[in-house]
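This report refers to the structure that appears directly beneath it.
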Amino acid sequence: MKKRGMFAIMLGLIFCMMVCGCGDSKEEGKFVDGYYTAVMSDYSFGWKEYVTICVMEHEIVNVEYNARNKAGFIKSWDSAYMRNMNSVMGIYPNRYTRDYAAQLLKTQSMEGIDLLAGASSSGGNFQKMAAALLESARTGNTEIQVVESVHEEE
């Protein structure tokens, strides 16, 4: 009878350790549900870029990448800017912001985010902001992350 009682106690302890040990740990690579935002520290050519992700059920379900000017106007909505950039660079903000966002949504990581010709500066900023966001989402830090800008000639 003593052996049976000890066996039951040991099984109970092992079960409790398994349940308690798994309860609050964050799995490697999993994200904490919430909204996470990163912004560049400075304006570049009149625009400040930002990325916001939404995590639900430990996966990124939405990515918004864009830029605002000081008046709050959204860069990808600026038709004149789009026409000018497209004629010179062959790409425009509404296209590359959606492309970079779609890459992050698909890969759920920094792996496989390819820079687009004509939008490599913005792509580099996107990669830096995405890295900050992924780290925030892994730890559940919902504070806005400010990413240091590389200063370019304007």
Taking the Cβ of each residue in MET56, MET85 as the centre, tally the other Cβ atoms inside 10 Å and list the residues starting with the fewest.
-> MET56, MET85
How long is the stretch 30-147 along each principal axis, judged by its Cα atoms, biggest number first, in Å?
-> 41, 29, 18
Using Cα pairs closer than 8 Å and at least 6 residues apart in sequence, work out the relative contact order for the stretch 30-147, in percent.
-> 34 percent
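Would you please put 39-45, 131-137 in order of how densely packed they are, using the mean number of other Cβ atoms within 10 angstrom per residue and starting with the highest?
Ranking the peptides 39-45, 131-137 by packing returns 131-137, 39-45.
Just so you know, all these numbers are worked out from the coordinates, no wet-lab data involved. Note that the structure is a prediction, hence the values are computed from the model and not measured. A quick note on method: Cβ atoms are made from the backbone with ideal geometry, for glycine too, and the neighbour counts reach across all protein chains shown.
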